[in-house]
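Student: I am attaching a structure below and will ask some questions about it afterwards.
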Amino acid sequence: MTQPDPLLRVEGLKTHFFLDEGTVRAVDGVDLTVMPGTIVCVVGESGCGKSITARSILGLVEAPGRVVAGHIWWNPAMARDRSPVAERGPRRGHRAGKSHGGRADLTALEPHSEQLRQIRGNDISMIFQEPMASLSPMYTVAAQLTEAIRLHMPMSKQEAFDRGVSLLKRVGIPRPEQRMHAYPFQLSGGMCQRVMIAIALSCSPSLLIADEPTTALDVTTQARIIDLLTELQAETGMAIMFITHDMGVVAEIADEVVVMYLGTVVERGSVEEIFHDPKHPYTQGLLRSIPTMGRGSRQRLTSIQGQVPHPLNRPSGCPYHPRCDRAVAGVCDVADPPTVNLERGRQVRCVLYDSDQRVAPSSSADAGNRDQP
């Protein structure tokens, strides 16, 4: 059976911030793919570049940051009911996106170009991390929701309003007609997050980027938001790029997992492979730190030693080697590790493996938490 083309392919993406103190390599060579109708979870500690990767895809990186290398290939042929982006004419004064095999390179588009504006919010939507900061307190829910609808769809104000009511009802907000006239500060955090989801879904995107959508919400609301997203994904068939640091959420919803550390992808694989046979020492450390049923009440949780290095003081060689208990002196601290391709498209960025999956003998004692779901 022929493997379908990816909906989104990120190749060698580098996004740097040029500060007076130095250059911060927030994203430093990220590779990932999102297949149609799948949920890809991007995980890692705070500061590993997850959110900047998402913003780079949509061209939302603000100065002094900018994409300095790499490609972001958007495949309109795999999008649902979309016309190819590469066929749309560029706005005067802006560069056209490079195309290859019907794909469009989003890194070649100016942030305010007409081509990228047609994709952003229409083909690709994003749920931002903080709904209270993302929604304007000066405008009603109706004003902010219908703006996106009328920008991309030929609808009258009343038609857009009716669609907004339908969307609020769909995401589980009670009395949606009344909520349309409310301001964000009159709603709870959970309701604001649902409004953000409604805005992101307003134009039926083919790819939804959810940047930690359950942050700062109580546990019950978190569960409801996650259930809502998975239900909507099953109904519409859209793909989801879900950014989180919660491995429990990853185990529940992911099809594929991308593990990031200090701006790089250290491991990629299916959720079953990552949880039952983690390869990279960092992935193994993340899984060992998850509380599990049956653990003794007096037993301490395992933690990863050390801290994430400051972005301006990146270590030489493998960025994880100062915290890795399996680091090879004279190797890991000297050169960047290669990306090793394993079976079934799985990848790991570590000197402990080669293409035949041979591994240092010490790895057997550190195989990770294989009892995780």
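The values are calculated or read from the model by the stated rules, or taken from the named source; none is laboratory data. The structure presented is a predicted model; accordingly, all values stated were derived computationally and were not measured. When we count neighbours, we look across all protein chains shown, and the Cβ atoms used for this are built from the backbone with ideal geometry, even at glycine. For accessibility, only protein heavy atoms count, side chains too; no ligands or nucleic acids. Shrake-Rupley method; radii C 1.70, N 1.55, O 1.52, S 1.80 Å.
Student: Could you calculate the FRET efficiency of residue 215 with residue 334 from 1/(1 + (r/R0)^6), where r is the beta carbon distance between them and R0 is 51 Å, rounded to 0.05? Present the calculation step by step, with values, prior to reporting the outcome.
Tutor: Numbers: r = 37 Å, r/R0 = 0.73.
It comes out at approximately 0.85.
Student: In a shell of Cβ-Cβ distance under 11 Å around residue 130, excluding residue 130 itself, what net charge do Lys and Arg (+1) and Asp and Glu (-1) give?
Tutor: Charge balance near residue 130 sits at -2.
Student: Between beta-carbons, use under 13 Å as the cut-off and find the net charge around residue 54, counting Lys and Arg +1, Asp and Glu -1.
Tutor: Combined, the nearby Lys, Arg, Asp and Glu give +1.
Student: Of the accessible area of segment 236-325, with the probe set at 1.4 angstrom, what percent is carbon plus sulfur?
Tutor: Values: 1880 of 3900 Å².
Looking at segment 236-325 in its full context, I get 48 percent from C and S.
Student: Right, here's the next one. Sketch the reach of a paramagnetic label on residue 153 as a point 7 Å from Cα along Cα-to-Cβ, and name the residues of segment 104-120 whose backbone nitrogen lies under 17 Å away.
Tutor: Residues 118-120 qualify, since their backbone N sits under 17 Å from the label point.
Student: Starting from the Cα coordinates of segment 90-248, work out the convex hull volume and express it per residue in Å³.
Tutor: Cα-based convex hull of segment 90-248, divided per residue, equals 140 Å³.
Student: Using the alpha-carbon centroid of each, what span in Å lies between segment 320-344 and segment 10-84?
Tutor: First find each Cα centre; the distance between them is then 23 Å.
Student: May I ask you to order 241-250, 227-236 by the average number of other C-beta atoms within 10 Å around their residues, highest value first? Could the numbers behind the result be given before it?
Tutor: Details: 241-250: 20.7, 227-236: 15.2.
Order by mean packing, descending: 241-250, 227-236.
Student: For the peptides 41-47, 106-112, what is the packing order when you average, over each peptide's residues, the other Cβ atoms within 10 Å and list the highest mean first? Can you show the working numbers first?
Tutor: Details: 41-47: 20.7, 106-112: 19.1.
Put in order of decreasing packing, that is 41-47, 106-112.
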